[in-house]
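The values are calculated or read from the model by the stated rules, or taken from the named source; none is laboratory data. In this text the structure is predicted, and so the values were computed from the model without any measurement. When we count neighbours, we look across all protein chains shown, and the Cβ atoms used for this are built from the backbone with ideal geometry, even at glycine.
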Amino acid sequence: MAQRIFITGGAGFIGSHLADRLLEQGYQVVVYDNFSDFYSPSEKRANVSKRLKNPRYHLVEGDILDYELLTSAMKGADVVVHQAAQPGVRFSIKNPEKTHEVNVTGTLMVLKAAEKNEVKKVVFASSSSVYGVPKYLPLDEEHPTNPTSPYAASKLAAEKYCQAFQTVYGLNIVVLRYFSVYGPRMRPDLSLRSFVERVLSGQPPIIYGDGNQSRDWTYIDDAISATVAAIEREEAVGEVFNIGCGNRTTVNQAAHMIISLLGKEGEISPIHEPAYKGDFPHTQANIAKARKILGYMPSVSLEEGVKRLIEWCKTVRQMR
Ligand SMILES: NC(=O)c1ccc[n+]([C@@H]2O[C@H](COP(=O)([O-])OP(=O)(O)OC[C@H]3O[C@@H](n4cnc5c(N)ncnc54)[C@H](O)[C@@H]3O)[C@@H](O)[C@H]2O)c1
């Protein structure tokens, strides 16, 4: 019997790609998602619609804060991948309570339900934002964690709950700190998609701050390979992993790359708005640990990944 993987937030960007990969690899998949209205629920419906006829795919619409429903939906799961969250650094600055409720209390509910169901492993989707302002680059997993936003604080608090459940209840935990994941189906609030959408509609990309901040952008397929390895590899248990590319590119460079790939050089230039509090200057992952233990080998360059993102954005626009 194929292993049963329970994905919270499995209708979202990363979660839906994970569901697709796991189905391809023969797993049974249960997606648990409340189709939150943080961004268009219809995009999330589109992410799951093609899978609904697959007998190895099951969708449960529910909130991770609904402990009873969550616990019963999780019955029979071998591994839980906890992707559901209230994402967004800027959102969290305006709505810290909502961020806390979903990301911290919600994670507590997921861990309790996993423990109750005697799940073999929980893989938690954390974030590079837990590091805050870097003291050195590239960031390894030992770098101090100094959250600079309610979102980052909520992800770190959730990591700590994971650790506590491992210590107290013996739950097997793997923590993945994703670095700026991008690609088809990505969230509209994230910079690369917003740049592509704006240039496609003849508008300049909006950059917050001077654009010299840099990011380690990670293509979705690479992030999914790491997540599948975290599910499958015994040695991953009890560990925290950086999931990035190992390189960094400034926001200015990324915006210009998009303008150039869309053939709008000389016609469109980015505009700058004030930096927002909670943003951090640079991210760049040291991925040695993920390479060694997860066999992780990111393989998609930023240019190639952005080309694929552009193609997807064009398709979505045609369907609107
Ligand atoms: N995308 C990135 O670059 C990135 C980087 C670091 C960490 N992460 C983390 O990865 C995970 C997935 O991120 P994403 O970009 O795919 O976001 P996403 O918003 O596309 O996916 C999250 C999913 O969770 C669902 N959800 C939200 N609240 C819920 C609730 N209360 N109950 C049930 N489902 C709920 C949403 O409907 C959505 O489908 C998140 O935990 C996020 O914090 C993402």
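Taking only pairs six or more apart or across chains, which ones have beta-carbon atoms under 8 Å, a first residue in the range 146-163 that is under 14 Å from LYS277 (Cα atoms), and a second residue that is away from the ligand (no atom under 12 Å from the Cβ) and among the basic types (Lys, Arg)?
Note: pairs meeting the criteria are THR148/LYS277; SER149/LYS277.
Pick from PRO188, PRO150: which is within 21 Å of the chain's Cα centre (by Cα), surrounded by 18 or more Cβ atoms within 10 Å (Cβ to Cβ) and within 13 Å of the ligand (Cβ to nearest atom)?
Values: PRO188 fails: surrounded by 18 or more Cβ atoms within 10 Å (Cβ to Cβ).
Every option except PRO150 fails the conditions.
Residue by residue through the range 82-99, note down the ones that are more than 12 Å from the ligand (Cβ to nearest atom) and either farther than 20 Å from ASP37 by Cβ or under 18 Å from the mean Cα position of the chain (by Cα) (or both).
Filtering the range 82-99 down to residues more than 12 Å from the ligand (Cβ to nearest atom) leaves 90, 93-97.
The one that is more than 12 Å from the ligand (Cβ to nearest atom) and either farther than 20 Å from ASP37 by Cβ or under 18 Å from the mean Cα position of the chain (by Cα) (or both): ARG90.
Could you pull out every one of the strands (runs of 3 or more DSSP E) wholly within the range 192-306 that has 1 or more residues that are crowded, with 21+ Cβ neighbours inside 10 Å and either touching a residue at least 40 places away in the same chain (Cβ under 8 Å) or in contact with a Phe, Trp or Tyr (Cβ under 6 Å, 6 or more places away or on another chain) (or both)? Write out each step before concluding.
Working: elements: 206-208, 240-243, 271-273.
Once the strands (runs of 3 or more DSSP E) in the range 192-306 are filtered for at least 1 residues that are crowded, with 21+ Cβ neighbours inside 10 Å and either touching a residue at least 40 places away in the same chain (Cβ under 8 Å) or in contact with a Phe, Trp or Tyr (Cβ under 6 Å, 6 or more places away or on another chain) (or both), what remains is 206-208, 240-243.
Tell me whether the range 23-30 contains one or more residues that are at pLDDT 95 or above and within 13 Å of the ligand (Cβ to nearest atom).
The first filter runs over the range 23-30 and keeps only residues at pLDDT 95 or above, leaving 23-30.
Next, from what is left, pick out any that are within 13 Å of the ligand (Cβ to nearest atom): 30.
Among the residues of the range 23-30, at least one is at pLDDT 95 or above and within 13 Å of the ligand (Cβ to nearest atom), which makes the answer yes.
Which of the residues spanning the range 110-145 are free of Cβ contacts under 8 Å to residues at least 60 places away in the same chain, closer than 22 Å to ALA223 by Cβ and among the acidic types (Asp, Glu)?
GLU142
Can you go through ILE14, ILE5 and tell me which one is β-branched (Val, Ile, Thr), at pLDDT 95 or above and within 8 Å of the ligand (Cβ to nearest atom)? Even if it seems obvious, please write down each step before you answer.
Values: ILE5 fails: within 8 Å of the ligand (Cβ to nearest atom).
Being β-branched (Val, Ile, Thr), at pLDDT 95 or above and within 8 Å of the ligand (Cβ to nearest atom) holds for just one of ILE14, ILE5, which is ILE14.
Scan the helices (runs of 4 or more DSSP H) fully inside the range 45-129 and keep the ones with 1 or more residues being in contact with an Asp or Glu (Cβ under 9 Å, 6 or more places away or on another chain).
Values: elements: 67-73, 89-94, 96-100, 106-116.
In the range 45-129, 67-73, 89-94, 106-116 are the helices (runs of 4 or more DSSP H) which contain 1 or more residues that are in contact with an Asp or Glu (Cβ under 9 Å, 6 or more places away or on another chain).
Please verify whether ALA157 is among the aliphatic types (A, V, I, L, M) and either within 12 Å of the ligand (Cβ to nearest atom) or more than 22 Å from GLU234 (Cβ to Cβ) (or both), treating the condition exactly as stated.
Details: among the aliphatic types (A, V, I, L, M): yes; either within 12 Å of the ligand (Cβ to nearest atom) or more than 22 Å from GLU234 (Cβ to Cβ) (or both): yes.
Against the criterion (among the aliphatic types (A, V, I, L, M) and either within 12 Å of the ligand (Cβ to nearest atom) or more than 22 Å from GLU234 (Cβ to Cβ) (or both)), ALA157 qualifies.
Residues checked against (1) near the ligand (Cβ under 10 Å from one of its atoms); (2) more than 27 Å from ALA152 (Cβ to Cβ); (3) at pLDDT 95 or above:
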{"position": "ASP37", "(1), (2), (3)": "yes, no, yes"}
{"position": "VAL48", "(1), (2), (3)": "yes, yes, yes"}
{"position": "LYS53", "(1), (2), (3)": "no, yes, yes"}
{"position": "GLY62", "(1), (2), (3)": "yes, no, yes"}
{"position": "TYR67", "(1), (2), (3)": "no, no, yes"}
{"position": "ALA73", "(1), (2), (3)": "no, yes, yes"}
{"position": "VAL80", "(1), (2), (3)": "no, no, yes"}
{"position": "VAL110", "(1), (2), (3)": "yes, no, yes"}
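Do you know which residues across the range 210-233 are of a type in the set (Asp, Glu) and over 16 Å from the mean Cα position of the chain (by Cα)?
Within the range 210-233, the subset of a type in the set (Asp, Glu) is 210, 216, 221-222, 232.
ASP210, GLU232, listed by residue number.
If you check ASN34, ASN47, ASN54, which single one turns out to be crowded, with 22+ Cβ neighbours inside 10 Å and farther than 22 Å from LYS121 by Cβ?
On the way: ASN34 fails: crowded, with 22+ Cβ neighbours inside 10 Å; ASN54 fails: crowded, with 22+ Cβ neighbours inside 10 Å.
When all the criteria are applied, what remains is ASN47.
Would you mind stating whether GLY132 is in contact with a helix residue (DSSP H, G or I) (Cβ under 9 Å, 6 or more places away or on another chain), closer than 28 Å to THR249 by Cβ and of a type in the set (Gly, Ala, Ser)?
So GLY132 passes the test.
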